[in-house]
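Here's the structure, in structure tokens; my notes come after.
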Protein chains: 4
Amino acid sequence: MLTAHLLEDILDQVRPLIGTGHVASYIPALAKVPATKLGIAVLTNQGDMLTAGDANEAFSIQSISKALSLTLALGLYAPQEIWQRVGKEPSGQAFNSLIQLEMEQGIPRNPFINAGAIVVADLLHSRLSAPRQRLLEFVRQLAGDSHITYDKVVAASEMMHSDRNAAIAYLMRSFGNFNNEVLPVLNNYFHACALKMSCVDLARTFSYLANQGVSIETGHAVISPTQTKQLNALLATCGLYDGAGEFAYRVGMPGKSGVGGGIIAVVPGEMTVAVWSPELDSSGNSLAGTAALELLSNQLGRSIF
Amino acid sequence: MLTAHLLEDILDQVRPLIGTGHVASYIPALAKVPATKLGIAVLTNQGDMLTAGDANEAFSIQSISKALSLTLALGLYAPQEIWQRVGKEPSGQAFNSLIQLEMEQGIPRNPFINAGAIVVADLLHSRLSAPRQRLLEFVRQLAGDSHITYDKVVAASEMMHSDRNAAIAYLMRSFGNFNNEVLPVLNNYFHACALKMSCVDLARTFSYLANQGVSIETGHAVISPTQTKQLNALLATCGLYDGAGEFAYRVGMPGKSGVGGGIIAVVPGEMTVAVWSPELDSSGNSLAGTAALELLSNQLGRSIF
Amino acid sequence: MLTAHLLEDILDQVRPLIGTGHVASYIPALAKVPATKLGIAVLTNQGDMLTAGDANEAFSIQSISKALSLTLALGLYAPQEIWQRVGKEPSGQAFNSLIQLEMEQGIPRNPFINAGAIVVADLLHSRLSAPRQRLLEFVRQLAGDSHITYDKVVAASEMMHSDRNAAIAYLMRSFGNFNNEVLPVLNNYFHACALKMSCVDLARTFSYLANQGVSIETGHAVISPTQTKQLNALLATCGLYDGAGEFAYRVGMPGKSGVGGGIIAVVPGEMTVAVWSPELDSSGNSLAGTAALELLSNQLGRSIF
Amino acid sequence: MLTAHLLEDILDQVRPLIGTGHVASYIPALAKVPATKLGIAVLTNQGDMLTAGDANEAFSIQSISKALSLTLALGLYAPQEIWQRVGKEPSGQAFNSLIQLEMEQGIPRNPFINAGAIVVADLLHSRLSAPRQRLLEFVRQLAGDSHITYDKVVAASEMMHSDRNAAIAYLMRSFGNFNNEVLPVLNNYFHACALKMSCVDLARTFSYLANQGVSIETGHAVISPTQTKQLNALLATCGLYDGAGEFAYRVGMPGKSGVGGGIIAVVPGEMTVAVWSPELDSSGNSLAGTAALELLSNQLGRSIF
């Protein structure tokens, strides 16, 4: 049965894994996060929030933001306007590779690899007058927390290591699949990655995925039931970098990970989960975080399969 | 509500799609199947079988057999014996490509692309004295139909067009990931692809996927509940060639397709579905069959997402 | 025997090929060059200049400039400073592909594909205070023609279509193999490509390649005899995009082509040749130009093989 | 000046390199060859044979045989019959890769990578009743040595490690670019690789490359002057695996290497050289052998550039 005690117990079981992964180190702000951080939050569709460990401590959500940006874009564009510019298939390659992108004429495989998320950022840039501010308001509302901010140090640091993402954007522009200036769009993209949120924030924010598009926190419809089902499908097949198959096999929930060590996952109709443990596995997904979700899935007997 | 009438109605809606795809033509036996064939069968976990169209006509199940071979292997080997030789990730490439296979040292991405299924065939060959006969018995029992057979003409024809699959097998053998003689294993592999089964047969056969591993037809446990969940996860991320993301997005069920135009899919805990329409889309999945599953999912409001 | 009459005769023989290729069209300034232009100039090591056709008309030398930039860099850097940042091997891929560049950690295959030439431009940018002016002076001196200029329209037009080259530069910078700001370096790179020179200019300019590094025009040593031999070797294996093998097979001279339809080639110890015909073959090399060089090689019995 | 003393001197200079490479070890028969073997033979077009070191000791010529098989095929087929099935361009990839082969529809890049040589073996198989015997007679005649044989142990050992080459052949057959049974053709291919010849044998055998197609040893025309020029061009751009550019840069002669540590190279119009030193560099070319050729080229001031 789902209790705070169960969550504590799960964290105790996965804590020994800490030390067997590696904290993301490509920017200093991520490298210095203590590897021992470990938190979990579960929001049931009945509105109960259960937590354990460092569930209230904010961290850099990184690629988890890709799901938020896509959600925002789904409200601004007709489906075909989005899906003609980015695919819906797993990539089978590293999250930041240019190889497949060149072979497939600048159309990214899905919105959760870097190239795809950069296309989404380009879409937001074309339609919103202040995309960065709009995303922040969107997240604050969903999380019911007006104190959520961008970590400016992380965003600036990402921008200083942006060469590969700039290469991705320019390559897509050479194929006609990028419409704005590269640097401002990348700047927004990196700000989204630099959102600081806690497990509790994330569980509230993504509760619409578990509830047919209606936020448990606000009671408002964020996207339609059909869009929710579709978004969950994309998360299940593409949300965990090149480890989506393994995640589905072990955890069996649609989810999205970030190199900050966070993962959000949902059991549609039942609950939204957010975990955080900074050390990553070889695919870039939180090592202890994945293990915690696997235990949760097994002990509750809850998954989509 | 799920009725035979609903199924008839769905077939009527998708029938206009016939003519917009292409029937598999790499072997004559497949090329000559009438494109107008269209059938669907749904077996509920309560044991009710509903059908429409050509649901009782047998066709070449082709790659749907990859799920059966893997199920058989799951009963013969410890998990790590299988998963050290074949991965669990979507490939992001054509089903019969050698490129990724060479770059990843002869370890196929998953058991549902050709290379992966050939590894599974190699595993069965190593452990069973008569793998071809054993698979047939296994299928006959699951389907409750002792008349199911291999289509010898199809199997022989596949064998005559086996060069690319032979290349795949030899490449894996060069990496130490194939242990038997190539031709006999390919012969078994092609026989599995040449199984002739109807939608009704398939719905009965795969009912264990919807029922925690226990066959609705026989009442016997085929695999464990955990294995069932894992197999469904693999099907959801890798079961539809390079169209798994699109299938999840539109249909939202774990499934497996074949170039004969068949697809099986399940809603765990609820039902097993088999459809057949020979014309394929650009990913090699049944065009009208996918559309029928999408309609069924939408009209029943049933999917895993 | 090498006479102006022979050159006229050769042009007559290849003129019927005009109409079977395609003029480069990615920028308007190139697309509007008349396809019927055809010229050849041969400068013997004895100092005799023989010409035919449009040998005195200036055109956009495009990638032929890559050999000039490398020659300039050879005088500014120790060999290992250059060759640790760019390789000496044929690429086996399109001239502007990013695939190999990513797989080989940002080290371009050779200095004559775009990525390699952009590294050379980066090298020049790091060491020269006014690289664009310096290259122009260098070329004017070698050609003995102070009127040679950059085509500003072409350079500006290239800059407006620079996305793919920007992607290449950023990708190399992400691997630590690009040290300056991208846009200024690309601007210089595009100016070099936009040099306007005639066949006569080119034959004079590159005469050092046929004469152990000493310009026939100026009598000065441009590079050492060993460097000359090495540069000719690079041109022979990498100078004709992905058509170097075919060019060696048919023509048998070290050479460098440009998408403006120019080709320079040398028989070391004997002569320097420049041809111009705007229509290109599928590899991007002048179609009639290659044929003219082949005829010249065969009729004189002169090649390096 | 070219003397036996100069050759001795060159061997002394390169001998210290022994120990810095690695002897081919994929089959035992190659792995056990002493790494200290070192030999060189130069045959001038005047008919003078100069030697040093182990120049008379036979070794496994391996891929050097690819140049002999192609020479034989040039006499049996019209050019277009050969060149429609195999290209003339450097591959830019490892000698035994399947990646490029799949991307280029089963047409190998050139006749000196494995795939290309297997196509040539397929061509010989189609036209000759006893291709293996014919090649042996051809070599014996060219070398003026009726004792040259196939090393049966090496050939059998290669056959036992033939999986990757079988994959290559089957992949080409799937594209319609291989016409015979795979195993007999591979058997012939491996026998050609298993020819045992000394540096002296090799210098005599390949003297036609330096002499417009006429063997210095026999005085007979082996191929035409034009074919000779073309073959030398192919060797210059494709003869040294993925190290052709570096070899041209350092040595400046058309050449062909084998993983047995042998290399043959020519200065057209002047001389034929054969070297042997079993340790290889990272491209699979003889490390000390390449260095010896580089010294010879520099000290004589002879190269094609």
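The values are calculated or read from the model by the stated rules, or taken from the named source; none is laboratory data. Please read these numbers as outputs of a predicted model, since none were measured by experiment. No Cβ is skipped: glycine too gets one built from the backbone with ideal geometry, and neighbour counts run over all protein chains shown.
Here are a few things to note about the model shown:
- Residue tally, condition of a type outside the set (A, V, I, L, M, F, W, C) and over 18 Å from the mean Cα position of the chain (by Cα), over region C:94-119: 6
- Restricting region A:212-250 to residues that are polar (S, T, N, Q) and surrounded by fewer than 24 Cβ atoms within 10 Å (Cβ to Cβ) leaves a set whose member that is nearest to the other protein chains (Cβ to nearest Cβ) is A:Gln230.
- Single residue of region C:251-286 satisfying the filter (in contact with a helix residue (DSSP H, G or I) (Cβ under 7 Å, 6 or more places away or on another chain) and more than 21 Å from C:Thr205 (Cα to Cα)) that is nearest to the other protein chains (Cβ to nearest Cβ): C:Ser283
- Verdict on B:Val33 being modelled with pLDDT of 95 or more and under 18 Å from the mean Cα position of the chain (by Cα): no
- Just one of (1) of a type outside the set (Lys, Arg); (2) assigned by TED's automatic domain parsing to the domain that holds B:Ser146; (3) crowded, with 20+ Cβ neighbours inside 10 Å fails for B:Leu209. It is (2).
- Scan region B:22-45 for residues that are surrounded by 12 or more Cβ atoms within 10 Å (Cβ to Cβ) and hydroxyl-bearing (Ser, Thr, Tyr) and the total you get is 2.
- In the set (1) in contact with a strand residue (DSSP E or B) (Cβ under 8 Å, 6 or more places away or on another chain); (2) at negative phi; (3) loosely packed, with under 15 Cβ neighbours inside 10 Å, the condition left unmet by C:Gly19 is number (2).
- Being without any contact (Cβ under 8 Å) to a residue 12 or more places away in the chain and of a type in the set (Gly, Ala, Ser) is a description that applies to A:Ala130.
- Between B:Gly116, B:Gly106, B:Gly144, the distinction of being touching a Lys or Arg at 6+ places or on another chain (Cβ under 9 Å), surrounded by fewer than 16 Cβ atoms within 10 Å (Cβ to Cβ) and assigned by TED's automatic domain parsing to the domain that holds B:Pro90 belongs to B:Gly144 only.
- Of everything in region A:63-91 that is more than 13 Å from chain B (Cβ to nearest Cβ) and within 29 Å of B:Ile99 (Cβ to Cβ), the residue that is surrounded by the fewest Cβ atoms within 10 Å (Cβ to Cβ) is A:Gln84.
- Verdict on D:Ala4 being touching a Leu at 6+ places or on another chain (Cβ under 6 Å), surrounded by fewer than 18 Cβ atoms within 10 Å (Cβ to Cβ) and either assigned by TED's automatic domain parsing to the domain that holds D:Leu295 or among the aliphatic types (A, V, I, L, M) (or both): yes
- Residues located in region D:70-88, provided they are more than 16 Å from D:Thr228 (Cβ to Cβ) and outside any loop (DSSP other than H, G, I, E, B): D:Gln80, D:Glu81, D:Trp83
- The one condition in (1) out of contact with any His (no Cβ under 9 Å at 6 or more places or on another chain); (2) over 16 Å from C:Ala194 (Cβ atoms) that C:Thr149 fails to fulfil: (2)
- Flag if A:Leu11 is in the same structural domain as A:Leu202 (by TED's automatic domain parsing), crowded, with 18+ Cβ neighbours inside 10 Å, outside any strand (DSSP E or B) and over 18 Å from the mean Cα position of the chain (by Cα): yes
- When we screen D:Ser63, D:Ser25 for residues that are farther than 20 Å from D:Ser215 by Cβ and in contact with a Lys or Arg (Cβ under 8 Å, 6 or more places away or on another chain), the only hit is D:Ser63.
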